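Structure first, commentary second.
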Amino acid sequence: MWFATQVAVELNHTIVWCRDQRVSATFLSEMLGLPEPVRFGPFLEVEVSNNVILAYHETDDEIASQHYAFLITEDEFDQIFGRIKERGLDYWADPAQRLRGEINHDDGGRGVYFPDPDDHFMEIITRPYGSGG
């Protein structure tokens, strides 16, 4: 069904399950160059520049790996990719993890995938997919 009226829907937050919220939330904030995580109830939150919150919550249950993609600038890519290499993290150009140690140039930008401490699959891209280039 198609609606003629545009709805103002925005993602506000998502829960990121982890073993140790301090380790995992700090990892993300340091990797992306964001402010330190902030406590909110049982969560440790990392807020990105479009006001979306990643709310880290600890569990002893099995953690299903999730994918989180972050749109960044070319300068930010250089900084974050430098941190990936400084930490000796594995990285891939593709989500299937076939192109280890490479970055992609999809849509005329740059992108790379890397794991967080709980094996969530983080991605940084400088151009939105499908934007051409």
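The values are calculated or read from the model by the stated rules, or taken from the named source; none is laboratory data. Nothing here was measured: the structure is a model prediction, and the numbers come from that model. Methodologically, a virtual Cβ is constructed for each residue, glycine included, from the backbone with ideal geometry; neighbour enumeration extends over all protein chains shown. Accessible surface is based on the protein model in full, side chains and every heavy atom, while ligands, DNA and RNA are left aside. Shrake-Rupley method; radii C 1.70, N 1.55, O 1.52, S 1.80 Å.
Calculate, for the chain, the solvent-accessible area per residue in square angstrom, rolling a 1.4 angstrom probe over the heavy atoms of the protein chains.
Value for the chain: 63 Å² per residue.
Pop out the ³J(HN,Hα) list for the stretch 71-78 in order, Karplus 6.51 cos²θ - 1.76 cosθ + 1.60 with θ = phi - 60°, rounded to Hz; leave Gly and Pro as x.
So the Karplus estimates, Gly and Pro as x, are 8, 9, 7, 4, 4, 5, 4, 4 Hz.
In the chain, what percent of the accessible surface is made up of carbon and sulfur (1.4 Å probe, ligands and nucleic acids excluded)?
For the chain, the apolar C and S fraction of the accessible surface comes to 51 percent.
Determine the sum of side-chain charges near Leu11: Lys and Arg each +1, Asp and Glu each -1, restricted to other residues whose C-beta is under 15 angstrom from that of Leu11.
-3
Can you show me the helix-derived [θ] at 222 nm for the chain, built from DSSP H runs with n ≥ 4 at -39,500 (n - 2.57) apiece and divided by the number of residues, rounded to the nearest 500.
After summing the helix terms and dividing by residue count, I get -6000 deg cm²/dmol.
Express the relative contact order of the chain as a whole percentage, based on alpha carbon pairs under 8 Å and six or more residues apart in sequence.
22 percent
I'd like the distance between the alpha-carbon centres of the stretch 114-129 and the stretch 34-67, rounded to an integer number of Å.
Between the Cα centre of the stretch 114-129 and that of the stretch 34-67, the gap is 15 Å.
Between the DSSP loop rule and a limit of at most 15 other Cβ atoms within 10 Å, which chymotrypsin sites (Phe, Trp or Tyr not before Pro) in the stretch 1-81 are left?
Passing both the DSSP loop test and the Cβ count: Trp2, Phe3.
By the gyration tensor of its Cα atoms, with a ≥ b ≥ c the square roots of the eigenvalues, what is the shape of the chain: rounded for a/c under 1.5, prolate for a/b over b/c, or oblate?
Oblate, since a/c reaches 1.5 and b/c is not below a/b.
Read phi for every residue in the stretch 81-96 and hand back ³J(HN,Hα) as whole Hz from Karplus 6.51 cos²θ - 1.76 cosθ + 1.60, θ = phi - 60°, with x for Gly and Pro.
Values, residue by residue: 5, x, 5, 4, 5, 4, 7, x, 6, 5, 8, 9, 8, 9, x, 7 Hz.
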